[in-house]
Every structure is written in C-alpha cells, then in structure tokens.
C-alpha cells in the first residue's frame, strides 16, 4: 500500500498504522505508550499527527492509501509538545535529571525543547525496592501501561496492573503487597519497556554516572532456548545483560537467569587458580604443575589398564568447539571412545528415538513453525519455568486461539490454559500415547495417503493398538477415557498440529519407547515433512546439550552421529584427524562409574558437570569418584564433584569464551567473550589443548573458529557452517551442507533420513516403570526444574536468584499433607529405597494425591540420593521421573503409616562429606560440610 507522509510516498503493509508509515518515511514521533513488541494503546497522546484532515494518535490509527498524513506542521508539533509537558508536569523535579536523565521520556523532552524544570509534581508516592532485580519509583510512573502489557502480552504472567484513579494511577503488583511478594518472574521486560525510569534494575549505573560500556552480542549459557543477549561491560565487569531485540528466538525477551543471573562472575568462590590434591587436601598450584600432575596420572592409567582405563564426561555447558576438541582428545590422544555428555541424563532417548523414527537426532521443525500450529500437544514439559521464553511464546499462541492439550502429572504453567489436561500416572506415557493413537485410527483422524507413501509399520501398530482402547489406557494411566478421546480429537482434527515435549517423556525406564510412540501421533496425522503440521520437537534442558552430542561427545557416535562401528564413518574421521579411530564403543556415564567402582576405570576427566549433584543414585557416584585413582575436573566453583577431584582446572564461564552453541531447534549461534576469565582461569578449549601438549600431542585447530571449520570438513551436515557465516547471519540451523544455501529449519520435506526413506512407526508395548509405590514407600516422586534456578544451582545460587528461591521444596497435595501432618514451610525428610533427603514442604493443588515433586537445584538437600540407578533400556538415561518414597517430619518418630525417622546414629551412613551426610546436616539445621579430604 502506498501512503503519502508530508509529501513523501512510502510503501507499507496493508495492516500498517500511521506510525508505521511515518517511520517508513524517516519521521520521528514521541511514543511514550508504544513499544514495537506490544499492541498499541494510544493512551499518552504524544504521537499526534493529521491524517485525512483529522488529528489522530498515529500508533492506533490504521494507515489508508487515500489519506494524506501530516507530521511536521507547527500546530501538530505544538500539540505534541503540550501533551508531553502535561505528562511531565505531574512528575517530581528529578524526573529529567540525574539517573532518569537518559530515559526515553528525557530524550523526548530534549527533542521537544522541554526543560527539566517542567517537572514540578509533588512526589511522595514512595518506592518499592523489595525485589532484587526490579525497583519501582512510583513518582516516575506515568501510567502508560507498557509494563503491564509487556507482562501480559510477551511474558504471559499477568503479574502487573494499573492501580489507583486519575493522576494517582500507578503500576502495581496484581496481587497487592510488595513486588517481591508478587507473581513476577523477573524477566525484566517491564524494566526494558518503561519510558521514564520508574522501573529500574538496581545497581545499574544511569545518566552521568554510567560508564562508557562495551556491548557484546552473545548467546545465553543457561537453558537450551538460545536467547540472544547483549552484554554491557565496563572496567572488566558486567554492568548489565539485555535481551537482543533482534534475537531469532527470544525477540527482545529474556528470563530471570539470562537477564539477571550473572552475579556468579563476581563470586568470591570463583576458582581462579589450579588445585592439586596433596596429602588428601586440594592446594593451589601453577598451571604447569597441575597439567603435569594430570598428564602423569593419565599415562599411569593407560599403562595400567590400556586406553579404555580413561574416560571423560564432556559438558553441555561448554561450546561446540570445546566438546569437539574433548572428544577428539579422547579418540586421538588417549585412543578410546569413552567420552559421554549429560544428554545421557536427559535427552539421550530423544536422540535414539528420533533417529530410529525419522533418521536424525534433532527436532523435526523450527520453533517459528511450531508457533504457527493451530493445536499444540505439550507433553512432559513445563516451559513456563524450565524454558520461560518458549513458554511465553507458546502461551501467546494459545491466547490467540490455538488449541492446547497438555499431558503432565502436575497442573502447572501452560496446563492452566489447556483445553484438555491429561494427568497420567508417572511412568505410563507409552500407554497414554497408544490410547491417543487408538482414537486417531478408530475415528479416521489419520492421513492415509501419507501413511501409504511415507511411513512403515502401520499394520504392526494397528494390531498393537487394538489392545489400547481409551478404557484400557485409562486403567493404566489414570487419565479418564473421556479426556483421552477429547484430546485425540483436538489433535486429530487440527489442520496444523505440533508436538513439543520435555524430560517428562525421556527420563524413564522406557524413555526411548516414549519418544517413538509419541512420534507415532505426528506420523499418523501426516504432520512431519509435509507442512500440514509441525512435527515432534524436544525442549533441550542445558544451553548446549544438543551441540555436545552433535559434536560427537558420545561413546558410540562420532561428530555428526556417524557410528564408531561404521568403517566409513571412522574413515572420514581418520582422514581429517590423521590417526586411527577405535572401532569399539566406549563407556556410557553410568558404565564409567561402575567401572571406577570395580577398579577398571583408573582416570576420569569431568568437564563442567557436578555429577555428585545431578546424576542419579549419587551415593554410588560418590563411591565411584572416591575409588578412581585420578579424577580431573574443569569447574567454575569447588562443587561437590570438584571437592573429590585430584586435579581441578579453573575455567571460564559462557560469558568469557568464544565459540558456538546449538539450541533446541538445531540453530548454531555464536558465543562471544564479553570479558576475560577470572584470575588465572582458562577456557575449556585452552585447557584441552594444554593437557594434550603435556602428553606430547597436538590437536590442530588452534582456535575455536578453526575447530568448527575442521568439524565442518568431517561432517557433511555441518559443511556450510563457520564462525564467519554466523557472525554475518546470526543463526543457521543444521543440516547445512552448503555455505551458499540456508540450513534446513524444517526437516524431511523430500524423504526421511532412515535407511528406506520412510518414517518408522513404533509398535512398542507399554511396560511398567522400574519402581512402583508400595505400603512402605507409598508416594511417587518426580524431579524437575523451577524457574529461578538452573541445574544444580552452581551459578544461580551465587546470584540474587537465591532471594527469589532459597530452598528445595517438596510439593505435595493437601490430602497427603494432611495424612503426614505437614503444613507449608515444615521441614520434611524424604526417604526412598536408595537414600534420603531433607526439603521444605509446599502444599499445592498442582499435585495429584500420591505424587510429590521437587527440584535438584540445592545439592545440600541430597535429592539425587533418592533416585535409583534404573535407566532407559536403550540409552541408559536415568528414571528420574518415578521414584517411590515415604515422608517424615524431622522432629517426629516413625509411625504405622510409613512415616520414618531413623535414629540419629543411623542417619549418616555415607562417607564423610557426601551428599547423604549433607542432607542429614540440613535436616538437623547444621551448615554444609567444608571441603573434604579424599583417601
């Protein structure tokens, strides 16, 4: 559409506003209530123009092709100035001075030649400084509503409102009380959008006191969403982290972790010097001494047990280049395939299940496409807390009319907005998915042409599904048959359905079967590779869990997922690396620990993982580390795992290194160093090179850019990727075989990557979980994440996030709380067949009776002593989602109903300083133990 603005003709979209047209013509208007991310409000009346002869607010007036728009006329400028002056007159004298002098309002006043003295309001409405990351000065609020709309329209939390009347209207928490007591999830969107400085980030220098900051664009190092962030640094410190407004995934949004949780960089607990164990104690040493000690230990391990006596656990927190280099070190320098990463603990069933079903290990579609779905099936995931930016985008899609089916035992997050909420018993996913598939087949809600041309296994699946009627599925899962049918009809009748899932599908004894049978639903609907739906998409937990596996940090797979048993895959690697590749798969993480306990594994290098806090059955993990002659750790802090190491290398955080991450929808994105590492710390990339040199070997690829280039030569799917391209384009999905062509955001348009080119339906029967409740252990524990913390909390617990969430809580239903005599805030001891932990009770209707939930962000609670060593039968992913437990209040003895309280002498039967004894200390109110001595 052509529009004339002050005599200039511009072309705008059919749905453009007058404001869009003015901006297209190069004009500027004050817009104190407008934000490009929000729906226009027209409340401030500062963007006044003349359109079609009428004075209108440009932001809320549609542009029309036959209207002439006037902007520069003097009378219009006067109207705009008067509107701003009226707003300013109610503000206190400091509104345009000092720290507020660089606000959007102050800039508008300067452009309209409005002096600071125009602000002459009485003030006196007070402040709210209760929140660690958001402070409110009520006297600077102009009731523009931007923060309220940001909270509703972008974040989807609805935590804010405008309270009061007339000139007394001010933003306030919707629940009343202080900001810290509100439903705010600290995304910072309100601060970003505020035009006056009424909402600010405490401690952030403003106005004349602000130093000249360097701005570095990087990718968030917390969850797997892959948010683009701008890091502002000055004098060697981070002064702020802001969401990138042009970020391909976050689009100017962020969560509390990416936006605010950078205080760990300045923690006095940062490791800044290498440590080596001497006489049972870790002592500071030089880098040369630490590297020599580790090299001697590795040589001794190989001499005693051969290359397979050495293993490494790579890191989903590390960059692609660091993961690539570590797996190359193990295969080229040591001569073993015993390298694994934490995807073994979370999404290994995704890689296996998706590969068996479709041919590749990543999600089938981009998140941008998923967001266009008219029906979302969200399974075993709580993105509102674990992936807040994705959760917010999905919620906005639902609020705009998409249907939503949630399958999750808890009523949390998006489940509250679901058309149908399925609450299966933990461990019954496969039966649930078969029940849904049964309805799709029985009611003809399938794509017969797609199944005939592009899928295999339908006869076998049809025969199996005959035994999974809604009634039988209901008997197994506890989901009412009517709800199951309603959910299947919503999914089956949608024009463009999409499946999004999380760890509630994978972390089970039969997690790979869960992924495959969930994928059946998309195949039956023809919703993969056709554009008639948006496939099956896992939400990755850690920032680079996808990339760590892509880079070959796996015991049976090389970079790009070539099998180590495949001579052709080994040959490609050998041509690039110039050395033979071992043909036998190495040890998985659980097998490493078992081998250490048996004496077969003599050296273990752990890069950036606190396995004592995050791995299942942590008592046995501790035993493995104590038995292993050499344990080497790369870490930021002296974690529970690092305390048991023989050598600790201090390393850089994600804000201090160069490289790339791969996010949950397969996008490679650049990671850039905003500042240098703390003290003498080095990047993991540098440490791997240095240890190889200490062993007399070279790894080539001296820089991260050259490492990715080498990987691109080895893996055809990555051949089109480079740092230079990512610097230019921002984000590129794999597969990307050609540097001159875009990557494939949506997979399988022509054929599936399976040997026969067909999607493979799975007829796996339902099998029960590894653990079942009984009279002694009557409750089922599910573990997961909460919004304020990340993984074992090593970083977030060293920030003000600790003020937002300070303890591990046990969520339980009111009926169970009454049964055990528990109230909110009571300490509660939890015991399983494997260990015990101490938490704080939180009574909530979010839970179903007989089920309890907790996170694992506070290692001192001992949560992972509870979980078993039962694991997915295909991938060895732990069964974190089903653990039978019983409860007791620490002050009460055991009772006939299964509540427990062991005598004091029986509480601490684990080695000194272990997670078990830490849990006992917390239950008794004692502090966590100091760094321990290893035998």
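Overview of results
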| read-out | value |
| --- | --- |
| Residue among 418, 474, 456 that is closer than 30 Å to residue 345 by Cβ, surrounded by fewer than 24 Cβ atoms within 10 Å (Cβ to Cβ) and either in the same structural domain as residue 398 (by TED's automatic domain parsing) or touching a residue at least 12 places away in the same chain (Cβ under 8 Å) (or both) | 418 |
| Residue count for the range 719-734, restricted to those that are in a loop (DSSP other than H, G, I, E, B) and within 20 Å of residue 576 (Cα to Cα) | 4 |
| Residue list for the range 140-186, filter: assigned to a loop (DSSP other than H, G, I, E, B), more than 23 Å from residue 390 (Cβ to Cβ) and touching a strand residue (DSSP E or B) at 6+ places or on another chain (Cβ under 7 Å) | 141, 143, 145, 164, 169, 174, 178 |
| Among residues of the range 14-40, those that are in contact with a helix residue (DSSP H, G or I) (Cβ under 9 Å, 6 or more places away or on another chain) and farther than 28 Å from residue 392 by Cβ, counted | 7 |
| Filter result for the condition that a residue is in contact with a helix residue (DSSP H, G or I) (Cβ under 9 Å, 6 or more places away or on another chain), closer than 27 Å to residue 456 by Cα and either in a strand (DSSP E or B) or at pLDDT below 95 (or both), over 373, 352 | 352 |
| Residue list for the range 554-575, filter: farther than 24 Å from residue 316 by Cβ and part of a helix (DSSP H, G or I) | 567, 568, 570, 571, 572, 574, 575 |
| When residues of the range 551-574 are limited to those that are surrounded by fewer than 19 Cβ atoms within 10 Å (Cβ to Cβ) and closer than 18 Å to residue 326 by Cα, the one nearest to the chain's Cα centre (by Cα) | 556 |
| Qualifying residue in the range 403-410 (condition: free of Cβ contacts under 8 Å to residues at least 40 places away in the same chain and surrounded by fewer than 19 Cβ atoms within 10 Å (Cβ to Cβ)) | no |
| Complete set of residues in the range 139-164 that are closer than 18 Å to residue 44 by Cβ and either assigned by TED's automatic domain parsing to the domain that holds residue 36 or over 31 Å from the mean Cα position of the chain (by Cα) (or both) | 139, 140, 141, 142, 143, 144, 162, 164 |
| So residue 75, is it in a loop (DSSP other than H, G, I, E, B), assigned by TED's automatic domain parsing to the domain that holds residue 9 and without any contact (Cβ under 8 Å) to a residue 24 or more places away in the chain | no |
| Qualifying position, being farther than 17 Å from residue 513 by Cα and either in the same structural domain as residue 852 (by TED's automatic domain parsing) or without any contact (Cβ under 8 Å) to a residue 12 or more places away in the chain (or both), among 448, 495 | 448 |
| Test: residue in the range 510-522 that is touching a residue at least 24 places away in the same chain (Cβ under 8 Å), part of a helix (DSSP H, G or I), under 21 Å from residue 383 (Cα atoms) and out of contact with any helix residue (DSSP H, G or I) (no Cβ under 8 Å at 6 or more places or on another chain) | yes |
| Counted residues, the range 624-666 - those being out of contact with any helix residue (DSSP H, G or I) (no Cβ under 9 Å at 6 or more places or on another chain) and under 30 Å from residue 720 (Cα atoms) | 1 |
| Number of the condition not met by residue 695 [criteria: (1) in contact (Cβ under 8 Å) with a residue 60 or more places away in the chain; (2) in contact with a strand residue (DSSP E or B) (Cβ under 9 Å, 6 or more places away or on another chain); (3) more than 30 Å from residue 263 (Cβ to Cβ)] | (2) |
| Matching residues, the range 4-33, being touching a residue at least 60 places away in the same chain (Cβ under 8 Å) and either crowded, with 20+ Cβ neighbours inside 10 Å or over 42 Å from the mean Cα position of the chain (by Cα) (or both) | 4, 5, 6, 30, 32, 33 |
| Criterion: in contact (Cβ under 8 Å) with a residue 40 or more places away in the chain and not assigned by TED's automatic domain parsing to the domain that holds residue 642 - qualifying residue of 315, 228 | 228 |
| Some residue of the range 274-292 being at pLDDT 95 or above, under 18 Å from residue 657 (Cβ atoms) and outside any helix (DSSP H, G or I) | yes |
| Residue 82, sole failed condition from (1) under 23 Å from residue 150 (Cβ atoms); (2) in a helix (DSSP H, G or I) | (1) |
| Any hit, the range 90-98, residues being touching a strand residue (DSSP E or B) at 6+ places or on another chain (Cβ under 8 Å) and either touching a residue at least 40 places away in the same chain (Cβ under 8 Å) or at positive phi (or both) | no |
| Strands (runs of 3 or more DSSP E) wholly inside the range 1-56 containing at least 3 residues that are modelled with pLDDT under 90 | 2-5, 8-11 |
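Per-residue answers, yes or no, for (1) buried (at least 18 other Cβ atoms within 10 Å of the Cβ); (2) touching a helix residue (DSSP H, G or I) at 6+ places or on another chain (Cβ under 6 Å); (3) closer than 26 Å to residue 692 by Cα; (4) free of Cβ contacts under 8 Å to residues at least 12 places away in the same chain:
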{"position": "222", "(1), (2), (3), (4)": "yes, yes, no, no"}
{"position": "261", "(1), (2), (3), (4)": "yes, yes, no, no"}
{"position": "276", "(1), (2), (3), (4)": "yes, yes, yes, no"}
{"position": "286", "(1), (2), (3), (4)": "no, no, yes, no"}
{"position": "290", "(1), (2), (3), (4)": "yes, no, yes, no"}
{"position": "295", "(1), (2), (3), (4)": "yes, yes, yes, no"}
{"position": "299", "(1), (2), (3), (4)": "no, no, yes, no"}
{"position": "310", "(1), (2), (3), (4)": "yes, yes, yes, no"}
{"position": "320", "(1), (2), (3), (4)": "yes, yes, yes, no"}
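The values are calculated or read from the model by the stated rules, or taken from the named source; none is laboratory data. It should be emphasised that the depicted structure is a prediction, and the values quoted were computed from it without experimental measurement. Counting neighbours? That spans all protein chains shown, and the Cβs are built from the backbone with ideal geometry, glycine included.
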